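A.B. asks: Have a look at this one before I ask anything.
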Ligand code: DAH
C-alpha cells in the first residue's frame, strides 16, 4: 500500500506541474479526488486490509488526500494570477503614437467603461441616473454635510460661476437630488463629469469622470458595501479582485473608507505601479452620514445606506493601461481610435 501511495504521489506531482490552465487542473482534480478517482480507489482498497493495516493506510491516504487538495488549490491560485498578469500585459496594447487605426469613429474609453459599469449595476438592480454639470452650493456641499467655511471645501478647488452656481466637483453633488427623487429604498448609480481647478499633469486633469453609487434600504451595512464593490470590480477587470478598506474622511460618510484593490499589474506581489505595496487606491466610499439622509428627506432611524465615488477616469486608465490622463480629453483621434475594437 505504501508503495502504491508513493507511486500515486509521484504521478500527481508530475500531473500538477504539467497543468497549464484551470481546465487541465480540474481534470487532474477529478482523476485523483473524483468519485472514481485514484485516491477514492485507494480508500476502497482498504476493505481487504487487516485492522492494523487499515489504520496505517488510512492515515497515509488521508495525508495524501490533504496534500493533493492543498496543492490543487495553491496551483489554481497561481494559475489565476498568471492569467490576470497575462490579460493585463495584453491589454497594454494601447499606444497613442501608433497610426490612426480607422477612419470610422470609435467610442471614447470613458464611454466604454461607463457602459460596462451601467451594465453591471443594472444587473444588480441599480437605476442609472443622469445629472447636470452646473449645480449650486447646497447640492455640492451643504447637503453633503459640508457647511460654508468647512475646511473640507479646501480639498476641492472649485470653479464658481458669476451667478453663484458652480461646476460640480464631485458626483456626490447628485446624492441629495436622487434621494428626493426616489425616497428610500433606492439603488442608483450616477456617472458624470466633474471639474476642479487642478494644475494638469499625467495624473491630474481639471475635467474628469466619476461614478457615484448609492444603496439605501433597511439594515444596509458595511458588508453590503464590500460585497457590491468586490462584485463590480471583479466584473470590470474580469477576474477575482481582492479589496481592502482603510479609514477615510469624508464629511458625508460615517464611517468613511478608502477602498483599495489588489494591484492589477503585479497581482498583489508589489511593483512600481503600486509603490510595492500590492494595493491600488481606487474608490472612496462609506456609510451615508445621517445628516445627509435627513437632508434628502430620508429617516436615518429607519434606513441606512452606503455610497461610493469611483474615479471612472482612473479606472479607465487602469483597465486600458493609459499612462497619461490628458489623452482622454485631447481629442487626438490617433489615441482614441485605439479603443475602436475594445
Ligand atoms: N466625492 C468624493 C470625492 O470626490 C468621493 C466620495 C467619497 C464619494 C465617499 C462617496 C463617498 O459617495 O461615500 O472626493
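A.B. asks: Restricting to the stretch 288-320, and then to whatever is assigned to a strand (DSSP E or B) and under 14 Å from the mean Cα position of the chain (by Cα), can you tell me which residue is nearest to the ligand (Cβ to nearest atom)?
C.D. replies: This residue is 309.
A.B. asks: Okay, moving on. Select, from 77, 6, 69, 56, the only residue that is modelled with pLDDT of 90 or more and farther than 30 Å from residue 339 by Cβ.
C.D. replies: Going through 77, 6, 69, 56 in turn, the sole match is 69.
A.B. asks: Confirm whether residue 142 is within 15 Å of the ligand (Cβ to nearest atom) and either touching a helix residue (DSSP H, G or I) at 6+ places or on another chain (Cβ under 6 Å) or not assigned by TED's automatic domain parsing to the domain that holds residue 324 (or both).
C.D. replies: no
A.B. asks: Since residue 181 meets every condition but one in (1) part of a helix (DSSP H, G or I); (2) away from the ligand (no atom under 12 Å from the Cβ); (3) in contact (Cβ under 8 Å) with a residue 60 or more places away in the chain, which condition does it not meet?
C.D. replies: Failed condition: (3).
A.B. asks: Let me ask another. Note down all Cβ pairs under 6 Å where the first residue falls in the stretch 295-308 and is touching a residue at least 12 places away in the same chain (Cβ under 8 Å) and farther than 11 Å from residue 218 by Cβ, the second is away from the ligand (no atom under 15 Å from the Cβ) and outside any loop (DSSP other than H, G, I, E, B), and they're at least six residues apart or on different chains.
C.D. replies: 296/180; 297/180
A.B. asks: Right, something else. Kindly provide the set of residues from the stretch 198-241 that are under 24 Å from residue 110 (Cβ atoms), more than 14 Å from the ligand (Cβ to nearest atom) and exposed (fewer than 14 other Cβ atoms within 10 Å of the Cβ), ordered by number.
C.D. replies: 199, 200, 201, 202, 203, 238
The values are calculated or read from the model by the stated rules, or taken from the named source; none is laboratory data. It should be emphasised that the depicted structure is a prediction, and the values quoted were computed from it without experimental measurement. Note: ideal-geometry Cβ built from the backbone for every residue, glycine included; neighbour counts use all protein chains shown.
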